[in-house]
Amino acid sequence: MRLVALAGLLYGPVVAMAFWAAGTYSTRSVVALLLTATLVAALASGITRSWRRFFLLQFPLFVLGVAFIAYTFGFGMVPGRTLAMILVGTSWEEVRGFAALPQGRSLVLLLAASSALYLYLALTLAPLPIFVGRGRRVARPLLVLLLPVTAYVGWNAEQLIDGIALTPAVGSVMFLAGTVPQAAREVRGSRVQKIPYHASGSGAEEVHVLVVGESARRESWSVYGYRRQTTPYLETLRGEAVFLTNAIADANLTEWAVPMLLTGMAPGNFSADQIRGNIVDLAKEGGYTTTWLLNQDIGISTSVGITPDRLEYPADFQATINGRHTLDEALLPAYRRELARSGTARFIGIHMMGSHWEYYRRYPDRFARFGAASQLGMLSIFLADDASARKVLDSYDNTVLYTDWFLQQVIEAARALEVPATVTFFPDHGEDLQLLDGASGHGQPVYTRHAFEIPAFVWMNAAYRRAHPERAAALERNAALEIRTHNVFYTLGDLMGITWPGSHARFSFASEQFAPDVAMQHIAGGVLVSRP
């Protein structure tokens, strides 16, 4: 009975995965899963020669298998890049926090109870030999029968690999030995061959915050005159924050716009494989400790080599092609924690989900002021009927209201600082809305006004204005000029008091020498276009 119970514990996850995969993967992949588990068992039996040693040898694989199956059934996907990125960016404090949650406690208890039972049964199992009598006679024909099965699943290499990766024990090893190290290399910035800026800073303790918004169209923000009051908090900052009235995105898609914002590369010379550094690297060289708070696709940050001293990337296992479901407010505890670190200059970057489609997933119910998002779905943005377009518009305006609240939390927390501090908000691009523009979304290979015209501002506390009156005055003077995405990199360097050989005062709108290039092209849908 112990032998049967141990076999059930060890191979229960394999059977469960086979049933789970049958509804999603090909027959060959399912067969490859079962074949892989069989071959692992055959190898283990050949090494150990007794049932006790057989089960004790596979105990680590059993633990991995239980975790693998729990994750797969809990989140509807096998462990992959998403989980790996979360693991490499997670602190021990967050691990302890997860273990304190109900689902975390359930997983820990499941692993502890099943492991204890497995070890008890294995250690009290009699040292029976595996290959004796009937077992010896069955083993060889069974191995021979596996040959045609192997040929069958090996006919399609992709499906064979899928099946191997689905095997709980083997898939876990592949995940830990391959996917996690690859994710760690990405987070360390190994995808980018960096060249030092040779920068230097003032050494003063200051705090500078960059908030990268998402899909923010200027004409939907009431601080710029929109008929609905979508930004009540920001309206109270008139005369305190410097609102840019002619900010224009360099690109209408995040994968081009954000890298240009973070590197200072302009549309005409932008190339992902030419990136050699970013604003976080510049801040580090200037003597700042750096933090990157992320509620976006982490691939955008790793593509430019963002390697902060501290990374916050909240877990989100429900993300879809349209983005994460985690609300931006999940970043606020880490943000407040970083503000509280004193005694050193600090740069904090925040990349938020903002107003990315699906709009109705970007805010909690209490922010549904302009209408409920009932009956909206992933494809609703493409529907042209007035009723759907109205609900899409309402949900978009709700995202702006939530962004206004989020920025209030960011700014008011920074206001409590006694050292000079700034908060710069600049989104990646704008957004077209069917009801207002006759088009939807962003990223089309044409220049559409609202996909490029964006809201942006710089807030400075009184301490910063006293310490750097010339920069504050320059921001006020340049607020009505055309300011582009790549100008943010040079302006932040200027605001932080960092100098480096490649700096250009004419690119910084915090400089009296700022000179906008109004003839510069934009990237629309991946191609260079001129503004009509």
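The values are calculated or read from the model by the stated rules, or taken from the named source; none is laboratory data. Just so you know, these numbers come straight off a predicted model, no measurement behind them. Neighbour counts are summed over all protein chains in view; Cβ atoms, including those assigned to glycine, are modelled from backbone coordinates with ideal geometry.
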Which one of Glu338, Glu329 is among the charged types (D, E, K, R) and within 13 Å of His208 (Cα to Cα)? Glu338
Candidates Leu293, Leu237 - the one that is aliphatic (A, V, I, L, M), farther than 28 Å from Leu528 by Cβ, surrounded by fewer than 22 Cβ atoms within 10 Å (Cβ to Cβ) and modelled with pLDDT of 95 or more: Leu237
Select, from Ala510, Ala524, Ala480, Ala474, the only residue that is touching a residue at least 60 places away in the same chain (Cβ under 8 Å) and either crowded, with 16+ Cβ neighbours inside 10 Å or polar (S, T, N, Q) (or both). Ala524
Just give me the residues in the range 388-437 being of a type in the set (Gly, Ala, Ser) and in a helix (DSSP H, G or I), in sequence order. Ser388, Ala389, Ser395, Ala413, Ala414
I'd like to check something: does the range 37-57 contain any residue that is surrounded by fewer than 16 Cβ atoms within 10 Å (Cβ to Cβ), within 37 Å of the chain's Cα centre (by Cα), of a type outside the set (D, E, K, R) and part of a helix (DSSP H, G or I)? no
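Which residue is nearest to the chain's Cα centre (by Cα), if the candidates are limited to the range 498-532 and must be of a type in the set (A, V, I, L, M) and under 15 Å from Ala474 (Cα atoms)?
Looking at residues that are of a type in the set (A, V, I, L, M) and under 15 Å from Ala474 (Cα atoms), I get Ala510.
Name the residue that is farthest from Val170 (Cα to Cα), counting only residues in the range 58-78 that are crowded, with 16+ Cβ neighbours inside 10 Å and among the aliphatic types (A, V, I, L, M).
Residues of the range 58-78 crowded, with 16+ Cβ neighbours inside 10 Å: 58, 61-72, 78.
Then keep just the ones that are among the aliphatic types (A, V, I, L, M); that gives 61, 63-64, 66-67, 69-70, 78.
Working: Leu61: 8, Val63: 12, Leu64: 9, Val66: 12, Ala67: 12, Ile69: 12, Ala70: 15, Val78: 12 Å.
Only one residue fits best here, namely Ala70.
Conditions (1) surrounded by fewer than 23 Cβ atoms within 10 Å (Cβ to Cβ); (2) in contact with a Leu (Cβ under 9 Å, 6 or more places away or on another chain); (3) in a helix (DSSP H, G or I); (4) of a type in the set (D, E, K, R), marked per residue:
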| site | (1), (2), (3), (4) |
| --- | --- |
| Met260 | no, no, yes, no |
| Val280 | no, yes, yes, no |
| Ala283 | no, yes, yes, no |
| Gly299 | yes, no, yes, no |
| Thr307 | yes, no, no, no |
Got at least one residue in the range 184-198 being surrounded by 22 or more Cβ atoms within 10 Å (Cβ to Cβ), assigned to a helix (DSSP H, G or I) and either at pLDDT 85 or above or small (Gly, Ala, Ser) (or both)? no
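When you scan the range 438-448, do you find a residue that is assigned by TED's automatic domain parsing to the domain that holds Ser395, part of a helix (DSSP H, G or I) and either within 31 Å of the chain's Cα centre (by Cα) or within 23 Å of Glu235 (Cβ to Cβ) (or both), even just one? Lay out the reasoning, then the answer.
Filtering the range 438-448 for residues assigned by TED's automatic domain parsing to the domain that holds Ser395 gives 438-448.
Now restrict to residues that are part of a helix (DSSP H, G or I): none.
There is no residue in the range 438-448 that is assigned by TED's automatic domain parsing to the domain that holds Ser395, part of a helix (DSSP H, G or I) and either within 31 Å of the chain's Cα centre (by Cα) or within 23 Å of Glu235 (Cβ to Cβ) (or both).
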Just checking, which of Gly354, Gly377 is on the phi > 0 side of the Ramachandran plot, in the same structural domain as Thr236 (by TED's automatic domain parsing) and not in a helix (DSSP H, G or I)? Gly354
If Ala247 meets every condition in (1) surrounded by fewer than 22 Cβ atoms within 10 Å (Cβ to Cβ); (2) out of contact with any helix residue (DSSP H, G or I) (no Cβ under 6 Å at 6 or more places or on another chain); (3) at pLDDT 95 or above apart from one, which number is that one? (1)
